[in-house]
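The values are calculated or read from the model by the stated rules, or taken from the named source; none is laboratory data. As the structure is a prediction and not an experimental result, all values here were calculated from the model. Cβ coordinates were reconstructed from backbone atoms using ideal geometry, including for glycine residues, and neighbour counts include every protein chain displayed. For the accessible areas, the whole protein counts, side chains as well, though only heavy atoms, and no ligand, DNA or RNA atoms are used. Shrake-Rupley method; radii C 1.70, N 1.55, O 1.52, S 1.80 Å.
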Amino acid sequence: MKERLKEIKNEALEQIQSAADEKKLQDVRVYFLGKKGQITEVLKGMGKLSKEERPVIGQLANEVRDEITEALESKQTKLEQAALEQQLKEESIDVTLPGRPVQAGGPHLLRNVIRNIEDLFTSMGYAVAEGPEVETDFYNFESLNLPKNHPARDMQDTFFITEELLMRTQTSPVQARTLRKHEGQGPVKIICPGKVYRRDTDDATHSHQFTQIEGLYVDENIRMSDLKGTLNTFAKHMFGEDRAIRLRPSFFPFTEPSVEMDISCKICHGEGCSVCKGSGWIEILGAGMVHPNVLEMAGFDSKKYSGFAFGMGPERIAMLKYGVEDIRHFYTNDVRFLKQFHGV
Ligand code: 2NL
């Protein structure tokens, strides 16, 4: 039995030495030390031994088992170390290689223009108000003094959902709603940005969906000169201190009197050129003094209160300011277009 145990030890150490991976090593462990392994096999014969021999063989068997266990452990550590080294070699990264560029997005040009306008007006004490894009006939038309036979009510101009519901054609209903909430108490000083909808065929200057910003200031003693000063401040902020403005008489159902504002042409400074079509002036927005009917319908005493309102298209402002020649560029989102205006 002594001989057999020595054989087992030598065989085991040899196999451990040559085991190429952890799986093989495990097989060796089971073969020699397992429940049905070689050592157990030897110990089964202990019964045939004399009393004196038993402890000697038992001790030797323990020694052999310990030696094999130790060899298994040290080989296991070696194999693990080698596996780790192999992995590190395969997964090594070259930190000196140039990194992959991160594509940074940014706000849309239209977003930036709208924010710029919002920032100017909030700095002058206006609050930003928003409202629903699906509107009632009352708020979109009736409350704004648009009589039942007004051409803007025609099916050709408006997306109707039902007889009473429609996609708002302007942001004015937000102003009418806000006025009404104030229950006849001024001041109301708001700016309303948002999407509006018209039944138009899309082309270079028209879109069935576009944006609008309207402003409204209602209080006691608000005059036309307040409107002019406000619009002048806006024009110079947006287009430069060297620009002049002019107001021309116009018509809107919700304002009386109504005006349209032009800015002097940057290219020819009022001399006349192709950009301003020879006039020296470029139309920017519409405005006027809030019609007494609109004030009364919203619950304001038109004898006590007056106000001005104005409306503009951020697309048009952006097109003039940045030389965008087609309104559809704002909505098709070609990144080559968008990238030109990062950070403006
Ligand atoms: C334009 C003209 C305008 C208004 C919008 C308004 C709103 C209320 C009362 C009176 Cl609640 N007026 N809004 C007034 C004048 C002109 O927009 O050409 N926009 C692009």
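Assorted remarks:
- Projected label distance in nm at D301 and D334, using a 7 Å step from Cα toward the beta-carbon: 5.9 nm
- Separation of alpha-carbon centers, the range 265-332 and the range 189-259, rounded to whole Å: 4 Å
- The chain - percent relative contact order, Cα under 8 Å, separation 6 or more: 15 percent
- Calculated FRET efficiency for the pair A104/N232, C-beta based, R₀ 56 Å, to 0.05: 0.90
- For the pair E3 and I267, the difference between a 0.36 nm per residue extended length and the Cα-Cα distance amounts to 84.1 nm.
- Rg/Rg_ref, the range 49-196, where Rg_ref = 2.2 N^0.38 Å and atoms are Cα: 2.80
- With contacts taken as Cα pairs under 8 Å and at least 6 residues apart, the range 122-194 reaches a relative contact order of 46 percent.
- Global geometry of the range 248-344, whether rounded, prolate or oblate, following the gyration tensor of its Cα atoms and the 1.5 cut on a/c: oblate
- Globularity index of the range 1-81, i.e. its alpha-carbon radius of gyration over 2.2 N^0.38 Å: 1.16
- Cα point-scatterer Debye curve for the chain, base-10 log of I(q)/I(0) at q = 0.12 Å⁻¹: -0.93
- Annotation: cysteines of the chain without a disulfide-compatible partner (Cβ-Cβ under 4.7 angstrom) are C192.
- For E52 and S92, a Förster radius of 56 Å and the Cβ-Cβ distance give a FRET efficiency of 0.35, rounded to the nearest 0.05.
- Per-residue ellipticity at 222 nm, computed for the chain from helices alone with -39500 (n - 2.57) per DSSP H run of at least four residues, works out to -13000 deg cm²/dmol.
- Set of lysines near K51 by C-alpha distance (under 16 Å), chain-local residues within fewer than 8 positions excluded: K2
- The range 158-269: C-alpha gyration tensor shape, a/c 1.5 cut-off, then a/b vs b/c: oblate
- DSSP bridge pairs, the chain: antiparallel proportion in percent, nearest 5: 95 percent
- Between R199 and A127, the distance separating the two model label sites (each 7 Å from Cα on the Cα→Cβ line) works out to 3.6 nm.
- Using the average count of surrounding beta-carbon atoms within 10 Å as a protection proxy, the listed peptides 96-107, 27-38 rank, highest first, as 27-38, 96-107.
- Surface calculation, 1.4 Å probe, protein heavy atoms: K195 sits at approximately 80 Å² accessible.
- In Hz, Karplus ³J(HN,Hα) per residue of the range 57-62 (6.51, -1.76, 1.60; θ = phi - 60°; x = Gly, Pro): 5, x, 5, 4, 4, 4
- A crude spin-label estimate for the pair T40 and K321, with each label 7 Å from Cα along the Cβ direction, gives 8.5 nm.
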